[in-house]
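The values are calculated or read from the model by the stated rules, or taken from the named source; none is laboratory data. Computed from a prediction, not measured in an experiment: that's the story for all the values here. Methodologically, a virtual Cβ is constructed for each residue, glycine included, from the backbone with ideal geometry; neighbour enumeration extends over all protein chains shown.
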């Protein structure tokens with residue numbers, strides 16, 4: 001990346017462009033894309049305050065991985081929902097909370113939940129088999145949301161997702177998904193989601209009650225043990241951590257799977273290449289992982305990751321003053337032509353075994369550095385198990401071709417109605 005001499009001011013977007021964006025209420029992604037064209041480190045002013053956008057891989061690595069104490073999280077746009085859960089926490093409290101849950105999300109830790117995940121996979125496969133027989137269309141987004149919530153609910157409580165919990169969480173989730181990804185200095189406050197938070201609280205209370213009655217291992221049992229052993233773990237913090245796990249393990253996985261089926265339909269050769277490997281083989285699993293990883297490149301789980309400069313710094317030769325908002329955007333970094341040739345093309349071969357690894361900071365759908373999403377292995381495992389079952393058994397033809405909309409995640413902008421048919425046997 002070309003850098004300016006140390007201490008150079010960050011190049012700024014034309015203020016007239018920013019004013020037009022504020023006046024029109026346009027998408028934040030439009031503003032960030034315009035700023036991104038200025039270079040891998042650029043800026044714009046909102047409400048008279050400088051905001052810095054960082055998309056160049058080396059600079060992203062500097063912010064998120066090399067100097068996380070210099071570029072910090074102050075809060076979270078979902079704090080009204082998550083409370084003091086791990087995603088919204090910071091400092092020593094965050095370190096304690098991460099240590100409590102760490103072992104559950106290692107490779108061996110995640111495998112404890114394989115049986116529960118496979119039970120959720122079997123339910124999806126049964127519903128799809130019914131639709132394949134009857135010709136009844138499916139809503140892929142709804143199916144993936146039910147699956148991802150079912151997996152996390154089973155892992156919390158040992159029980160399949162019940163209809164009441166599903167309905168309440170979806171209702172609350174629609175309001176939460178509509179929250180802005182980044183709150184500019186426009187003078188408008190966030191919408192009132194008091195009623196939605198109350199619904200989520202009721203879901204959390206049911207989950208805790210169910211977990212107390214189940215002797216098997218669960219994510220909630222870890223939190224309840226912490227409540228008994230650590231003074232920091234009040235009843236409220238257990239609720240906050242539970243809701244954080246539900247939110248983090250639900251929307252991101254469901255959205256990724258929705259995009260994945262759309263991308264496979266647009267690129268049918270990718271599914272064929274997965275199925276060219278023998279069932280149950282390491283090669284097939286690796287090929288599925290490559291499809292998932294490439295989907296996450298195009299539609300990362302978190303498309304924007306805000307930080308604040310805790311002190312003055314020089315970033316890629318540019319002067320960053322303390323207290324400056326700093327935005328990193330995997331969505332834009334993953335479209336950097338220098339790091340990703342033909343960046344808009346869906347090419348799972350980028351992640352095939354033996355392919356060159358991306359440069360540090362070039363690929364971070366779950367973040368990088370100490371605040372990398374704790375649930376990466378959990379989310380990848382449930383997606384791989386689902387796709388190992390569904391891809392060879394069914395062919396999926398979406399009836400719609402939705403475009404991305406940018407909120408808390410990068411979601412399809414409408415339902416994904418699709419026909420599911422049984423795949424021909426060979």
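So which residues in segment 76-93 are part of a helix (DSSP H, G or I), surrounded by fewer than 19 Cβ atoms within 10 Å (Cβ to Cβ) and either touching a strand residue (DSSP E or B) at 6+ places or on another chain (Cβ under 9 Å) or touching a residue at least 24 places away in the same chain (Cβ under 8 Å) (or both), if there are any at all? Show your work before the answer.
In the first step, residues of segment 76-93 are kept if they are part of a helix (DSSP H, G or I); the result is 79-82, 91-93.
Pick out the ones that are also surrounded by fewer than 19 Cβ atoms within 10 Å (Cβ to Cβ) and you get 79-80, 91-93.
Selection gives 80, 91, 93.
Checking residue 374 against (1) under 19 Å from residue 130 (Cα atoms); (2) surrounded by 16 or more Cβ atoms within 10 Å (Cβ to Cβ): exactly one of these is not met. Which one?
Of everything listed in (1) under 19 Å from residue 130 (Cα atoms); (2) surrounded by 16 or more Cβ atoms within 10 Å (Cβ to Cβ), residue 374 misses just condition (1).
With the condition kept exactly as written, say whether any residue in segment 251-271 is more than 22 Å from residue 405 (Cα to Cα) and touching a helix residue (DSSP H, G or I) at 6+ places or on another chain (Cβ under 6 Å). Give the derivation first.
Of all residues in segment 251-271, those more than 22 Å from residue 405 (Cα to Cα) come to 268-271.
Right, trim to touching a helix residue (DSSP H, G or I) at 6+ places or on another chain (Cβ under 6 Å) and you get 270-271.
Looking for residues that are more than 22 Å from residue 405 (Cα to Cα) and touching a helix residue (DSSP H, G or I) at 6+ places or on another chain (Cβ under 6 Å), one finds at least one in segment 251-271, hence yes.
Any chance you could count how many residues in segment 40-75 are crowded, with 20+ Cβ neighbours inside 10 Å and assigned to a loop (DSSP other than H, G, I, E, B)?
The number of residues fulfilling the criteria is 3.
Would you list the helices (runs of 4 or more DSSP H) that sit entirely within segment 209-269 and hold 1 or more residues that are in contact (Cβ under 8 Å) with a residue 24 or more places away in the chain and more than 21 Å from residue 99 (Cβ to Cβ)?
It comes to 251-266.
For residue 116, are the conditions met, namely being in a helix (DSSP H, G or I), in contact (Cβ under 8 Å) with a residue 24 or more places away in the chain, touching a strand residue (DSSP E or B) at 6+ places or on another chain (Cβ under 9 Å) and buried (at least 18 other Cβ atoms within 10 Å of the Cβ)?
No, not satisfied.
This table checks each residue for (1) in contact (Cβ under 8 Å) with a residue 40 or more places away in the chain; (2) in contact with a strand residue (DSSP E or B) (Cβ under 9 Å, 6 or more places away or on another chain); (3) surrounded by 19 or more Cβ atoms within 10 Å (Cβ to Cβ); (4) over 26 Å from residue 90 (Cα atoms).
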position: 315; (1), (2), (3), (4): yes, yes, yes, no
position: 321; (1), (2), (3), (4): yes, yes, no, no
position: 351; (1), (2), (3), (4): yes, no, yes, yes
position: 359; (1), (2), (3), (4): yes, no, no, yes
position: 364; (1), (2), (3), (4): yes, yes, yes, no
position: 382; (1), (2), (3), (4): yes, no, yes, yes
position: 399; (1), (2), (3), (4): yes, yes, no, yes
position: 412; (1), (2), (3), (4): yes, yes, yes, yes
position: 422; (1), (2), (3), (4): yes, yes, no, yes
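Applying the selection to segment 326-335, what residues are surrounded by 20 or more Cβ atoms within 10 Å (Cβ to Cβ) and assigned to a loop (DSSP other than H, G, I, E, B)?
Residues satisfying the conditions are 329, 334.
Out of 250, 233, 308, I need the residue that is under 30 Å from residue 326 (Cα atoms) and at pLDDT 90 or above. Which one?
Residue meeting the stated conditions: 308.
List the number of the failed condition for residue 110; all other conditions in (1) touching a residue at least 40 places away in the same chain (Cβ under 8 Å); (2) surrounded by fewer than 16 Cβ atoms within 10 Å (Cβ to Cβ) hold.
(2)
Considering only residues that are surrounded by 15 or more Cβ atoms within 10 Å (Cβ to Cβ) and modelled with pLDDT of 85 or more, which ones fall in segment 153-178?
Correct list: 153, 154, 155, 156, 157, 158, 159, 161, 165, 166.
If you go through segment 183-200, how many residues are in contact with a helix residue (DSSP H, G or I) (Cβ under 7 Å, 6 or more places away or on another chain) and either under 19 Å from residue 253 (Cα atoms) or at pLDDT 65 or above (or both)?
5
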